[in-house]
1. What strands (runs of 3 or more DSSP E), lying completely within the range 70-127, carry at least 3 residues that are open to solvent by less than 40 Å² (accessible area, probe 1.4 Å) and of a type outside the set (A, V, I, L, M, F, W, C)?
2. Scan (1) within 8 Å of the ligand (Cβ to nearest atom); (2) open to solvent by 10 Å² or more (accessible area, probe 1.4 Å); (3) more than 14 Å from the chain's Cα centre (by Cα) for the single condition Glu154 breaks and write down its number.
3. Suppose we filter the range 115-129 for residues that are under 20 Å from Ile11 (Cα atoms) and more than 10 Å from the ligand (Cβ to nearest atom); how many remain?
4. With the range 320-412 as the region, which helices (runs of 4 or more DSSP H) entirely inside it contain at least 2 residues that are under 18 Å from Ala301 (Cβ atoms)?
5. Checking the condition among the basic types (Lys, Arg) and surrounded by 13 or more Cβ atoms within 10 Å (Cβ to Cβ), which residue from Arg258, Arg206 passes?
6. Within the range 84-94, does at least one residue satisfy the condition of being farther than 30 Å from Arg311 by Cβ, modelled with pLDDT of 95 or more, within 11 Å of the ligand (Cβ to nearest atom) and in contact with a strand residue (DSSP E or B) (Cβ under 7 Å, 6 or more places away or on another chain)?
7. What number goes with the only condition from (1) free of Cβ contacts under 8 Å to residues at least 60 places away in the same chain; (2) in a helix (DSSP H, G or I) that Phe56 does not pass?
8. Among the residues of the range 40-52, is there at least one that is farther than 20 Å from Met103 by Cα, touching a helix residue (DSSP H, G or I) at 6+ places or on another chain (Cβ under 6 Å), open to solvent by less than 40 Å² (accessible area, probe 1.4 Å) and not β-branched (Val, Ile, Thr)?
Amino acid sequence: MPERRPREIEIRAATEAELPAFDAVPHYVFASSPEEARAYATMPSPLPAECRLGVFVDGKVTTTYAWVPWQVRLNGRPTSIPGVTMVGTYPQFRRRGYLRRLMARAMEVHRERGEPAVILWASMGAIYQRFGYGRGSEYISYNVDPRFVASREEFTWDGEVRLIDQSSPDDRAVVERIHEEWATPRNLVPMRDAARWEYLWWEAQRKGHRVAVAEDAAGRARRFIEYTAKEHHQTGEPGPDQQMEVCGFFALDLDARRALWQYLRAHDLVLRARFGQVEPDDPLQDLLLEPRELRRATGDAMWVRVVDIPRALEARPYSDAGALTLRVHDDLAPWNDGVWRFETDGEQSRVTTAAGTADLDLSVNALASLLTVFRSATRIERAGMLSGDAAAVRRADAIFATAYAPHTPEGF
Ligand SMILES: CC(C)(COP(=O)(O)OP(=O)(O)OC[C@H]1O[C@@H](n2cnc3c(N)ncnc32)[C@H](O)[C@@H]1OP(=O)(O)O)[C@@H](O)C(=O)NCCC(=O)NCCS
């Protein structure tokens, strides 16, 4: 038998010339249709080459990892938290440890770039929990028959709802301004820069989405929604048979929220309206006569990986001043593993290395849930993922609390 030549394995960024071969990996593993793959090739503002890391075996890409380099509001403060995407290994190269090696390198790269944490949508939580990711936010959806979701109180509104012209720069600017104002105080929300908007407007037109804004009596736009409606012919019975998909809704005040809800309910031919990525703080269930008619369902949304503990803890503002020592366990990013002293006046924080017994003992996965306050310290402790004395756990609850629940209404 001829001896097989040893394989050369490199872990590095893809070059411009390698981008088509690189992008072919996620298209294959996520089973993109040929149309989707073609559309992707014409997408405006593609990811820069330096945001794609791969495993190359004898010069050919086998495993991919990329990220969208955006600013995410962490309890209101903009922070460089990239959105990781395109994670995949061709089936014939799986279970050889390529992703693990790539993940370890990616942690170093994010640290060198000064990025405190990363976020992603997981195809399976099992893949990422072993790499130190923890749950960072919840996915909430509604699935309603608009006929049965009346408000508890009568609502009158002297503003107007109008469909915008998506090719008009002025109309686009109205929507972009609402989003920015909405996102600014929030938690785990990526800010949409010009490149992101260019992509989103392209995507909305490609998918035939409509965008409606609610304007108050003074003509100020306070909310927008993005949705599609199609004939569904599900029942074969006469009567309402359209299916509506609502994929974005951003409200600056309660009246605008109610006005757009009323507007959606006025679509008499809609049998089912499905809302994805609903804000956890959405007050709608408190406004309805029959809250259960929302058919609210939950699942996991963002998975968060703390890359660099001092940077991550110093990045966000806190609800209370105080100090804590944390013993954090991390086997993939050894620079995180150890005891840390954390001190904050609420606005500014300082994290330094420490020694001895810590107030709280937790994995880097649990720290991710605490950082975004997907879970309070008390809830993390009840799940057996954190230990510490009762006073320290209560102190962590008070310090880490945020005004808004974490929410990332962005596909990537
Ligand atoms: C997930 C995927 C990228 C793993 O690639 P890989 O190169 O085979 O991974 P590795 O061999 O480095 O395995 C890494 C670790 O993850 C585990 N793992 C791999 N795939 C897994 C899966 N599907 N479910 C649970 N664990 C998995 C391995 O057991 C291994 O654990 P260990 O290092 O603690 O022993 C690959 O299976 C894939 O492309 N899947 C389809 C696409 C996908 O789901 N991507 C994630 C999108 S968010």
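1. So the answer is 83-89.
2. (1)
3. Going through the range 115-129 one residue at a time, the tally reaches 2.
4. Helices (runs of 4 or more DSSP H) meeting the threshold: 364-372, 377-382.
5. Answer to the check: Arg258.
6. yes
7. So Phe56 meets the others, but not (2).
8. Yes, the range 40-52 contains at least one residue that is farther than 20 Å from Met103 by Cα, touching a helix residue (DSSP H, G or I) at 6+ places or on another chain (Cβ under 6 Å), open to solvent by less than 40 Å² (accessible area, probe 1.4 Å) and not β-branched (Val, Ile, Thr).
The values are calculated or read from the model by the stated rules, or taken from the named source; none is laboratory data. Keep in mind it's a predicted model, so treat the numbers as computed, not measured. Glycine gets a Cβ as well: all are built from the backbone with ideal geometry, and neighbour counts include every protein chain shown. Protein only, heavy atoms only, side chains kept; ligands, DNA and RNA dropped before computing areas. Shrake-Rupley method; radii C 1.70, N 1.55, O 1.52, S 1.80 Å.
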